[in-house]
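One structure is given here, and the rest of the page talks about it.
The values are calculated or read from the model by the stated rules, or taken from the named source; none is laboratory data. Computed from a predicted model, the values in this text were never measured in an experiment. Note that we place each Cβ from the backbone using ideal geometry, even for glycine, and neighbour counts take in every protein chain shown.
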Amino acid sequence: MVVQSDGYVCTEDLVTKYPEVVDELKRIALDYNKSLPPIDGKIVVTVEKSPDRDLALRLRIPGWVSGVAVRVKGQPAEADWRPGSYVSLKRRWSPGDRVELDLPMEVTMVESHPLVEETRNHAAILRGPPNTGAIS
């Protein structure tokens with residue numbers, strides 16, 4: 001999870017390296033489903049506390065995604081996104097606000113390159129970030 005506010009970016013690693021960010025982060029609290037990526041492709045972020053001003057919540061969109069649905073408080077959000085980037089939601093957040101991010105987890109099959117002899121006539125079954133291999 002990445003929190004960004006007023007030009008600061010913070011992950012769990014950065015808090016210990018940049019203590020000046022800690023004061024800003026004490027005013028922001030988010031809860032999210034901890035099993036990322038989730039099996040069903042649904043990520044829910046709930047605001048537990050936030051300062052009384054506009055903040056941008058930026059959620060990473062993985063490069064393997066072909067479509068995204070974003071909802072804020074149950075309503076579709078107007079947000080631009082690209083695979084491998086972030087969707088930015090800027091607003092005044094309140095405790096209890098929920099952001100839902102749906103990442104489609106479509107199943108696809110990819111055949112190996114026919115000129116690679118060791119894997120000729122092999123295929124991989126892909127679904128989201130975890131890859132499952134199969135020999136055919």
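For residues that are part of a loop (DSSP other than H, G, I, E, B) and over 17 Å from Lys73 (Cα atoms), tally how many sit in segment 88-123.
Result for segment 88-123: 12.
Show the residue pairs meeting these rules: Cβ distance below 6 Å; 6+ apart or different chains; first residue within segment 121-133 and surrounded by 11 or more Cβ atoms within 10 Å (Cβ to Cβ); second residue modelled with pLDDT of 80 or more and of a type outside the set (A, V, I, L, M).
These pairs meet every condition: His122/Ser112; Ala123/Glu111; Leu126/Thr108.
Looking at segment 94-107, which of the residues that are closer than 10 Å to Gly128 by Cβ and not acidic (Asp, Glu) is nearest to the chain's Cα centre (by Cα)?
As a first pass, look at segment 94-107 and keep what is closer than 10 Å to Gly128 by Cβ: 103-107.
Those still in the list that are not acidic (Asp, Glu) too: 103-105, 107.
On the way: Leu103: 8, Pro104: 12, Met105: 13, Val107: 19 Å.
Once the filter is applied, the top-ranked residue is Leu103.
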